[in-house]
Amino acid sequence: MASPFDTLIFDLDDTLYSSKTGIGQALRRNVQDFLIEKCGFPESEAPNLNIKLFTTYGSTLAGLRALGYDINADDYHRFVHGKLPYDLIRPDSKLRNILQSIKQRKIIFTNSDRIHAIKALDRLGIRDCFEKIICFETMNPNLMKSNRPDEFPVVLKPSIEAMNIAVEAAEVDPRRTLFFDDNVKNVAAGKAVGLRTVLVGRSIKSKEADYALEILTNMVQVIPEIWVNNEDDSDQRISHKTSEMGSICASVGA
Ligand SMILES: [Mg+2]
């Protein structure tokens, strides 16, 4: 019997490492410091503004640029990620062993910038387990060329545009691709573009999640079909996939 999955796509933060590491809190503090120090917002407004921009625009950077603040994405990422306590992320040999036992393609899909993704993956000791990193820069190739902050809106999960960019960059058939994310909205967006979805960090599935994993490493028990032997029909599957890719690219409308 063949595994129903050709590729596994993983979110990074709060998915490949726990939300309890303290990295998330440190990040929120840095973002609030950015709002105060670089944008001049009063200290008392920073926590609420941070939440408001995140929920309305998907990220603080996206929100600031949409509101007309000409924030350079690299400067922003350097400020909010540069001084994160990365040593709070510990090497995860259990996760590494599981990833190494999965023969399918494995890809990272994160809203974070590439430097942060590489640092976190190196701390976990799993960078070499992934074929590709789809990140902020992949979704926003034109941002550095923009003349005005509203010229190119920041593209991030959970927008459908971001999901389509990832499906195209990963070169996958979404119906045969398993997408892991801790964010309910991202999981819903994944489902909307046809991916099979896994909600991480919860024991109960959201509406658009095909699976829920309280801890990522529970995938061994909860999604055993990942490991089903799929060598027997590999030739057939490759030709099948090639023909499907044509229709996916057409529907993405590149
Ligand atoms: Mg996440």
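Within straight cross-link reach of Lys145, meaning Cα distance under 22 Å, which lysines are found once same-chain residues fewer than 8 apart are removed?
Lys38, Lys157
Suppose every Lys and Arg Cβ carries +1 and every Asp and Glu Cβ carries -1, with no other charges. What dipole size does the range 1-100 come out with about its Cα centre, to the nearest 20 debye? Intermediate values should be presented prior to the final figure.
Working: 11 positive and 13 negative charges, 53 e Å.
Using only the charged Cβ atoms, the result is roughly 260 debye.
Keeping all protein chains in the complex and leaving out DNA, RNA and ligands, what accessible area do you get for Val222 with a 1.4 Å probe, in Å² to the nearest 10?
For Val222, the solvent-accessible surface is approximately 60 Å².
Report the one residue of Leu12, Pro158, Leu27 whose Cα lies farthest in the direction of the positive end of the charge dipole of the chain (charges on C-beta: Lys and Arg +1, Asp and Glu -1; origin at the Cα centre).
The one lying farthest along the dipole's positive direction is Leu27.
About the Cα centre of the range 27-168, how large is the charge dipole given +1 on each Lys and Arg Cβ and -1 on each Asp and Glu Cβ? Please answer in debye to the nearest 20. Mind showing how you got there, number by number?
Details: 21 positive and 18 negative charges, 140 e Å.
Once rounded to the nearest 20, the dipole reads 680 debye.
Expected output is a single nm value to one decimal: the length gained when fully extending between Ile160 and Phe54, i.e. 0.36 nm times separation in residues minus the C-alpha distance. What is it? Walk me through the numbers on the way to the answer.
Values: separation 106, 0.36 × 106 = 38.16 nm, distance 1.68 nm.
Result for the pair: 36.5 nm of gain on full extension.
Would you work out which of Leu143, Gly190, Ser93 lies farthest towards the positive end of the dipole of the range 82-207? Charges go on Cβ: Lys and Arg +1, Asp and Glu -1.
Ser93
Filter the trypsin sites (Lys or Arg not before Pro) in the range 29-89 to those in DSSP coil with at most 12 other Cβ atoms within 10 Å of their Cβ, and list the result.
Lys83
Taking the Cα-to-Cβ direction at Phe79 and at Trp227 and moving 7 Å from each Cα, how far apart do the two end points lie in nm?
4.7
What longest range of the chain stays clear of loop-exposed GluC sites (Glu not before Pro) (DSSP non-H/G/I/E/B, at most 15 other C-beta within 10 angstrom)?
On the way: sites that count: Glu43, Glu45, Glu131, Glu151, Glu171, Glu214, Glu231.
Answer from the scan: 46-130.
Quick check on the range 1-101: take the gyration tensor over C-alpha atoms, sort the square-rooted eigenvalues as a ≥ b ≥ c, and tell me if it's rounded (a/c under 1.5), prolate or oblate. Could you put the intermediate results ahead of the total?
Details: a/c = 2.86, a/b = 1.92, b/c = 1.49.
Verdict is prolate for the range 1-101.
Would you mind counting up the charge near Arg96? Only other residues with Cβ under 11 Å from its Cβ, with Lys and Arg at +1 and Asp and Glu at -1.
On the way: positive: Lys94, Arg127; negative: Asp92, Asp128.
Taking every other residue near Arg96 into account, the sum is 0.
Filter the trypsin sites (Lys or Arg not before Pro) in the range 112-218 down to the DSSP loop ones having no more than 13 other Cβ atoms within 10 Å, then list what survives. Write out the running numbers ahead of the final one.
Numbers: sites: Arg114, Lys119, Arg123, Arg127, Lys132, Lys145, Arg175, Arg176, Lys185, Lys191, Arg196, Arg202, Lys205, Lys207; in loops: Arg202, Lys205, Lys207.
Answer in residue order: Lys207.
State the Cα centre-to-centre distance between the range 1-79 and the range 130-160 in whole Å.
If we compute the Cα centre of each part, the gap is 14 Å.
Expressed as an acute angle from 0 to 90° and rounded to the nearest 10, what is the orientation of the C-alpha long axis of helix 234-252 relative to the principal long axis of the chain?
Once rounded, one gets 40 degrees.
Compute the angle between helix 114-124 and the longest alpha-carbon principal axis of the chain, please, reported from 0 to 90 degrees and rounded to the nearest 10.
60
What is the sum of charges around Phe152, taking Lys and Arg as +1, Asp and Glu as -1, for the other residues whose C-beta is under 14 Å from the C-beta of Phe152? Intermediate values should be presented prior to the final figure.
Numbers: positive: Arg65, Lys145, Arg148; negative: Asp70, Glu137, Asp150, Glu151, Glu161.
In short, -2.
Ignoring ligands, DNA and RNA, please state the percent of accessible area on the chain from carbon and sulfur, probe 1.4 Å.
Details: 6540 of 12630 Å².
Ligands and nucleic acids excluded, carbon and sulfur give 52 percent.
Within a Cβ distance under 9 Å of Asn186, other residues only, what is the Lys/Arg minus Asp/Glu net charge?
Working: positive: Lys157, Lys185; negative: Asp11, Asp181, Asp182.
Net charge in that neighbourhood comes out at -1.
Placing +1 on the Cβ of each Lys and Arg and -1 on the Cβ of each Asp and Glu in the chain, which of Leu61, Ile215, His81 has its Cα farthest towards the positive end of the resulting dipole?
Of the options given, the answer is Ile215.
Before rounding to the nearest 500, sum -39500 (n - 2.57) across all DSSP H runs of length at least 4 in the chain and divide by the residue total; then give [θ] at 222 nm in deg cm²/dmol.
Details: 11 runs with 111 residues, N = 254.
Computed mean residue ellipticity for the chain: -13000 deg cm²/dmol.
Per residue, how much accessible surface does the chain expose to a 1.4 Å probe? Answer in Å², no decimals. Before the final figure, lay out the partial values.
Values: 12630 Å² over 254 residues.
For the chain, the solvent-accessible area averages 50 Å² per residue.
Using amide H atoms built 1.01 Å from N in the peptide plane, name the residues 5+ places from Thr197, or on other chains, whose amide H lies under 5 Å from its own.
Phe179, Asp210, Tyr211
Per residue and in cubic angstrom, what volume does the convex hull of the Cα atoms of the chain have? Each step should come with its number before you reach the end.
Values: hull volume 32.0 nm³, N = 254.
Taking the convex hull of the Cα positions in the chain, it is 126 Å³ per residue.
About the Cα centre of the chain, what is the dipole size in debye to 20, counting +1 per Lys and Arg Cβ and -1 per Asp and Glu Cβ, all else neutral? It would help to have the intermediate numbers written out before the result.
Working: 32 positive and 35 negative charges, 87 e Å.
Its charge dipole is roughly 420 debye.
Describe numerically, in nm with one decimal, the distance between label points set 7 Å from Cα along Cα→Cβ at Ser19 and at Arg127.
The two pseudo-label positions are separated by 2.7 nm.
Which cross-chain or sequence-distant (5 or more) residues have an amide H under 5 Å from the amide H of Ser159, H modelled 1.01 Å from N in plane?
Close amide H contacts, sequence-distant or interchain: none at all.
The values are calculated or read from the model by the stated rules, or taken from the named source; none is laboratory data. Predicted model only: the values in this text are computed from it and were never measured. Heads up, the Cβs are rebuilt from the backbone with ideal geometry, glycines too, and the neighbour counts pull from every protein chain shown. Side chains are part of the model used for accessible areas, which takes the heavy atoms of the whole protein and leaves out ligands, DNA and RNA. Shrake-Rupley method; radii C 1.70, N 1.55, O 1.52, S 1.80 Å.
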